[in-house]
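Trainee: Quick one: the structure is below, and I'll ask about it shortly.
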Amino acid sequence: MCLQVMNNSTLWRLYAEVAATEEPTPENRTKIAQYLQHAYRAGTQGSWERDTDTCLQVMDLCMDLAEAYIQCSMRHCHSNEKVQMLSSAKLPLKSVLTKIEKEQTDLVTRELPESLASKHKSLLSWYEKIVDEIQRLQAS
């Protein structure tokens, strides 16, 4: 594939959407997660966190990626494999949360813009659930 295709987040997301219309086999779920991971990498190049609309797009993508990894983790029987999948979901969530908080938080009010606050809260909730599940699996 040429560089323009490899760095096109929208194209990778479309690949994931097409794959999602196929039978939900474990292999297909893995393929969806891989396509969304490519979309995430392409979508988070540069200074995406400075633009509100781009932040919203990246947050949506990140939630889809987390959901895809959670779906993949559910097909594994061993807890260490589940932990690995959930950790793959956790890392992008933490990165996106941190960058948005750093760039978009108002220095005076210490709050995010209203347009980002709701999705940020959802991302944070996903992150906390995943961290809790990883800790639960590691404890058992």
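The values are calculated or read from the model by the stated rules, or taken from the named source; none is laboratory data. Fair warning: this is a prediction, and the values are worked out from it, not measured in the lab. Note: ideal-geometry Cβ built from the backbone for every residue, glycine included; neighbour counts use all protein chains shown. The accessibility values were calculated without ligands, DNA or RNA, using every heavy atom of the protein model including side chains. Shrake-Rupley method; radii C 1.70, N 1.55, O 1.52, S 1.80 Å.
Trainee: Contour minus end-to-end for SER122 and GLU22, with contour as 0.36 nm per residue of separation and end-to-end as the Cα-Cα distance?
Mentor: 33.2 nm
Trainee: What length, rounded to one decimal in nm, is gained on full extension from GLN34 through to THR10, with 0.36 nm per residue of separation minus their alpha-carbon distance?
Mentor: Here the segment from GLN34 to THR10 would lengthen by 7.2 nm.
Trainee: With springs only between Cα atoms under 10 Å, which of HIS78, HIS120, HIS38 fluctuates most in a Gaussian network model of the chain?
Mentor: Ranking HIS78, HIS120, HIS38 by mean-square fluctuation puts HIS78 first.
Trainee: Between GLN138 and ASP60, what FRET efficiency comes out of the Förster formula 1/(1 + (r/R0)^6) with R0 = 41 Å and r the beta carbon distance, rounded to 0.05?
Mentor: With R0 = 41 Å, the Cβ-Cβ based efficiency is 0.90.
Trainee: Something else: What shape does the chain take by its C-alpha gyration tensor, where a ≥ b ≥ c are the square roots of the eigenvalues and a/c under 1.5 counts as rounded, a/b above b/c as prolate, and the rest as oblate?
Mentor: Oblate shape, in that a/c is at least 1.5 and b/c is the bigger or equal ratio.
Trainee: Let me ask something else about it. Starting from 0.36 nm per residue, how many nanometres of slack lie between GLU67 and VAL131 once their C-alpha separation is accounted for?
Mentor: 21.7 nm
Trainee: With springs only between Cα atoms under 10 Å, which of LEU56, LEU11, LEU107 fluctuates most in a Gaussian network model of the chain?
Mentor: Comparing LEU56, LEU11, LEU107 in the GNM, the peak value goes to LEU107.
Trainee: Let me know the longest stretch in the chain that avoids all GluC sites (Glu not before Pro) found in a DSSP loop with at most 12 other C-beta atoms within 10 Å.
Mentor: Free of exposed loop sites, the longest segment is 23-110.
Trainee: Going through region 51-125, which trypsin sites (Lys or Arg not before Pro) have at most 13 other Cβ atoms within 10 Å and a DSSP loop state?
Mentor: ARG110
Trainee: Also, I was wondering about something else. Based solely on C-alpha atoms, express the radius of gyration and the Dmax of region 58-140 in angstrom.
Mentor: 14.2, 48
Trainee: Carbon-plus-sulfur fraction of the accessible area of the chain, 1.4 Å probe, in percent?
Mentor: It is 51 percent, rounded to a whole number.
Trainee: Which net charge results when you count Lys and Arg as +1 and Asp and Glu as -1 among the other residues whose beta-carbon is under 9 Å from that of ALA39?
Mentor: Within the 9 Å Cβ shell, the charges total +1.
Trainee: Along the Cα-to-C-beta direction of SER79, a point sits 7 Å from the Cα; which residues of region 125-139 have their amide N less than 17 Å from that point?
Mentor: What the label zone holds, given the 17 Å backbone N cut-off, is 130-139.
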